[in-house]
Every structure is written in C-alpha cells, then in structure tokens.
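Notes follow once the structure below has been shown.
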Amino acid sequence: MSLLKWALFWTIVAVLSIGVLSYIWFDSGLAVWGNNLKFGAGLFFAVALVVGGVLTTDKNYKAKTRSFYREEWSFICLLVTISLFGISLVFS
C-alpha cells in the first residue's frame, strides 16, 4: 500500500509543479500543460531506468538495509509515468 501512496504523492507533486512552471514560463493553456506533463512523464521514466539500472550493482543489491528497495522505487516511478501520461491525455 505504501507504493501507491508514494506514487500518488509524486504524481500530485509533479502535476502541481509542472502546472506552476507552465503557468509562469509558458502559456496558461491546457494543451501546453498536457505537453509539459508528457515531458515530465518522460523524465520520470528516465529516472525509473536509472534507478532500476544503476542500483543493480552487487554492492547495492546486497545492502538491503533500506525500507524501500530499488525495484520498489523503479515501480513507483513507472506508476507516476503512467499516471502523468494518463492525465496528459485528458488535456490533449
């Protein structure tokens, strides 16, 4: 359940921050916001790839002392990516 809470938290943070930055730097139209959400989803997908790839070394894989493991953070980033793309479809 905490995976979904973290995914929801990062989705809300991403949508709000992208919305504020879109309003400040770009036009305030919903189409622009939708395109910026797609860009943000691409960034979260890149982060998921980095988290899933870089943290798979033997040293990091054997040191499982954290509360969240690399697979869980990668999955959280993928959930945020899917939700941001879904939200951007509403605005397109």
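Every number here is computed from the coordinates shown, using simple stated rules; none is lab data. Quick caveat: nothing in here was measured; it's all calculated off a predicted structure.
One table, with the values for the structure above:
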{"read-out": "Table column - 3J(HN,Hα) (Hz), region 77-87, Karplus curve with 6.51, -1.76, 1.60, x for Gly and Pro", "value": "5, 5, 5, 5, 4, 5, 5, 5, 5, x, 5"}
{"read-out": "Extension reserve of the V90-L49 stretch, reckoned as 0.36 nm per residue once the Cα distance is removed", "value": "12.2 nm"}
{"read-out": "J(HN,Hα) series, region 6-14, from Karplus relation 6.51 cos²θ - 1.76 cosθ + 1.60, nearest Hz, glycine and proline x", "value": "5, 5, 5, 4, 5, 5, 5, 4, 5"}
{"read-out": "Rg to Rh quotient for region 1-41, alpha carbon positions, Kirkwood Rh", "value": "1.08"}
